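Just so it is clear, none of the values below were taken in a lab; they were calculated from the coordinates. Keep in mind that this is a model prediction, so the values were computed, not measured. Every residue, glycine among them, receives a Cβ derived from its backbone with ideal geometry; neighbour counts consider all protein chains shown.
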Amino acid sequence: MKRRNKIIGMIFVLCAVLLGCGLETARRKSPPSKRVSNKSSQPAGLDHSVGHHGWKTVYLFNGPVSTRMIGSSDWKSSSQSKQDEVIRKMLPLEPGQSRGRFFVDLAANDWQFLSNTYALETYEDWDGICIEPNDVYWKNHHKRKCALVGAGIGIRGEEVFFNFHNGGRGGIVGPGMDNKDKDKDSKKIHLTDLNDVFSVSKVPKIIDYFSLDIEGAETVAFKSIPFQTHIVYIFTIERPDESLRDGLRDRSYVEVGILGTFGDTMYLSNATPNFREVLKRGQESITMISKQISKISDADIGPVRRTGNLKKGDLVNHQYAFGVRCPYFELDSCGHELLPWDHPY
């Protein structure tokens, strides 16, 4: 029995040797193949040839369900201060237009509530990207047409603390930001910039509307917009500081007006087609909203004065204005001025 087992073992060894020799011969005769490594493979859908590292692709099948109601007579604003209504008047949906309208919403926040872009997308057939780093607000964004980009915007590669549970006022923590102190729910995130986001998301060269409201980080985000390759026709920016306004002035933007009493300021590029007419329509719309009137003439276009305590340290009788501060028919005299939103009036 032992002799038999020994013979069987020798046969197995011999077969293994012959098989190994055969595989080695076949390997030498066959052409070299391209080596594939899981470590170097990249997610589908992103152009990693230009260095888009750190991105994760998620494909979400939504089925045929849609909340869009293009051309519906039941148009309803979803913005906090009717920013979407003004944009609609400035850049109306025109049948047969050769190019679809495009927006960038930063930060997108909730998919519908107080959204500056939901109504434009739903009723006016706009397309765009919704940038929102706080995953608390990602729920129901699958009902939107816009591409959801989950990214914090700032200096690319920087690691910062982010307040996730401060409602719509959450954001980057740091000096000069609205969120100056971290809380128990703050977490560290890595930032990227808009140049990276635009490249990854394949944002078209013409952006019709950019809603910029990220609780004090607006200037850093603005400086990362690739203006050498893209143009933005209309901005709404919450409380833009002097550096940001200088950037707008250098690129020939004019103030359309201020919506609401918290400093959301609208700007229009003079490179916008039919610039004067678009500016006029925007200022008429802002005037009707701020003055709560249903009919408009040039005599009505102007500011609404307000007295109040704007922020800690201000005098109670500080007077400022919202609405239209530089009417389109006085553009030659005041258009070069991009005043602070809370400039004494």
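Odds and ends about this structure:
- With 0.36 nm allotted per residue and the present C-alpha distance subtracted, the ARG99-TYR59 stretch has 11.8 nm of extension available.
- Under the Debye formula (equal points on every Cα, no solvent term), log10 I(q)/I(0) of the stretch 198-266 at q = 0.23, 0.25, 0.28 Å⁻¹: -1.11, -1.30, -1.54
- Rounded to whole Hz, the Karplus (6.51, -1.76, 1.60) HN-Hα couplings of the stretch 117-125, x for glycine and proline: 10, 4, 5, 4, 6, 6, 9, 10, 6
- Between LYS180 and ASP250, the simple spin-label model (points 7 angstrom out along Cα→Cβ) gives 2.9 nm.
- For the stretch 77-334: rounded, prolate or oblate by the Cα gyration tensor [a/c cutoff 1.5]: oblate
- For SER243, net neighbour charge (Lys/Arg +1, Asp/Glu -1) across residues whose Cβ lies under 12 Å away: -2
- Bridge orientation summary for the stretch 77-334: considering DSSP beta bridges with both residues in this region, about 50 percent are antiparallel.
- Across LYS82/LYS145; LYS143/LYS291; LYS76/LYS223; LYS82/LYS184; LYS76/LYS143, pairs whose alpha-carbon gap is larger than 28 Å: LYS143/LYS291; LYS76/LYS223; LYS82/LYS184
- Rounded FRET efficiency, nearest 0.05, which uses the C-beta distance separating ILE296 from ASP135 and R0 of 30 Å: 0.10
- Sorted ascending by nearby beta carbons within 10 Å, beginning with the fewest, TRP111, TRP126, TRP138 become TRP138, TRP111, TRP126.
- Loop-located trypsin sites (Lys or Arg not before Pro) in the stretch 73-131 (DSSP state not H, G, I, E or B) with no more than 12 neighbouring Cβ atoms inside 10 Å: LYS76, ARG99.
- Loop-located trypsin sites (Lys or Arg not before Pro) in the stretch 161-192 whose Cβ has at most 12 other Cβ within 10 Å (DSSP): ARG169, LYS180, LYS184
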